[in-house]
Amino acid sequence: MFRIQRALPEGYSDAAPEELARRIAAAKAALGSRLLVLGHHYQRDEVMRFADARGDSFGLSRMAADRHDAQYVVFCGVHFMAESADILTGPGQQVILPDLNAGCSMADMADVDAVEEAWESLARVTDVERLVPVTYMNSSAALKAFVGRRGGAVCTSANAAAVLRWALGPGAGASTRGDKVLFFPDQHLGRNTGFALGYTASDMAVWDPRQELGALDEATIKGASLLLWKGHCSVHQRFRPEHVTAFRAEHPEGIVLVHPECAHEVAAMADGVGSTDRIIQAVGGAPPGSTIGVATEIHLVKRLGDENPDKTVVSLDPLVCPCSTMFRIDAAHLCWVLESLLRGEVVNRIVVDDDTARWARVALQRMLAIT
Ligand code: 13P
Ligand code: SF4
């Protein structure tokens, strides 16, 4: 998705780290309880040190909604997270993303126009009344609204199994809610969850939005329980089975924890598969002295190592890169949005229009009712 972040005014990009830190602290103190700074687990330390709360994408949105006194919510994360926060917060709250170009390449892989087209194609070969759309939290507000309008729900990596069980489980009367699910944007989360629920490879098919009829034939579509949108996370898809093999060869007693956005071949070799929060809990609960290989974003892995000095926490891929869009949020952008607020100027506000917000909220509330 195309977004434009204007260049920062003078005095930010070239300011020394200590000066930025001092100015951010001063702006926070002046704004007091009118300001809430949220930090996603993948943020850099220079930003995270100023977060009033840390968390995963959904947890942070809920915190924003619970803090009614916070007029300004500065969301240090990516665009879809700020949109979710705007949907869940009240009318007196304004959500700000310090760099508008902090998107999510995975969320951008399921553009709502492409999803509408896919739905129309599917309607020609299957009964879409029996097709339940489920979208991962990592998706635009427009896609969440699409799902809300068509009887589906949002899921997170922590509750995807419960949401899929709901979608394919008992519905009204004697029938199930749906015969199949269209799951987007992350094929890996969909596949890992499908396997965990007992579905087999032949129950799942990948829908390629760039190909006619998703590059599938009619029989495959009719026979599949899960149609998985061909999207992925460029950070998590880098982890390969060879990384697990190499880690286990070096640390035979080591523990392997992976995020469900990793490919199934990797997840199948792990000791634990879980969302960001579950990984944090698993590292915290591991016995002192453990060596833990983690397959997720590198800033979280490093922080887990720093905060668990009695354990050794390493990235499963020694060459892993950070999430490049999360990395766009830095101390200079944080300082700029805060000092703008001090001058009475709200920059980089994220606003979801009322109709989109209403239907996206329906999809989010269904998730909450299920889990
Ligand atoms: P969480 O939902 O755990 O915050 O993860 C978001 C994300 O972007 C994972 O890559
Ligand atoms: Fe998106 Fe992957 Fe970055 Fe998460 S880690 S924000 S899914 S690109």
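What follows draws every value from the coordinates through simple rules; no lab data is involved. In this text the structure is predicted, and so the values were computed from the model without any measurement. Methodologically, a virtual Cβ is constructed for each residue, glycine included, from the backbone with ideal geometry; neighbour enumeration extends over all protein chains shown.
Some points to look at:
- Looking at the range 164-273 alone, DSSP beta bridges between its own residues are antiparallel in about 10 percent of cases.
- Shape of the chain, Cα gyration tensor, a/c cut at 1.5: oblate
- Taking the Cα centre of the chain as reference, the dipole from Cβ charges on Lys and Arg (+1) and Asp and Glu (-1) amounts to some 700 debye.
- Comparing Thr193, Gly55, His68 along the charge dipole axis of the range 43-195, the residue lying farthest to the positive side is Thr193, per the Cβ-charge model.
- Burial ranking of peptide ranges 232-239, 340-347 (average Cβ count within 10 Å, highest at the top): 232-239, 340-347
- The simple Förster model, with R0 at 35 Å and r as the Cβ-Cβ distance, assigns Arg149 and Arg343 a FRET efficiency of 0.30.
- Counting DSSP beta bridges with both ends in the chain, the antiparallel % (nearest 5): 5 percent
- 28 Å Cα cut-off, lysine pairs counted over the chain (separation 8 or more, or different chains): 8
- In the chain, helical runs assigned H by DSSP with n ≥ 4 each contribute -39500 (n - 2.57); averaged across all residues and rounded to the nearest 500, the mean residue ellipticity at 222 nm is -12000 deg cm²/dmol.
- Alpha-carbon centroids, the range 194-250 and the range 58-133: separation in whole Å: 23 Å
- Whole-angstrom gap from the range 148-185 to the range 1-27, using each part's C-alpha centre: 43 Å
- For the range 227-371, size of Cβ-based charge dipole, Lys and Arg +1, Asp and Glu -1, in debye: 300 debye
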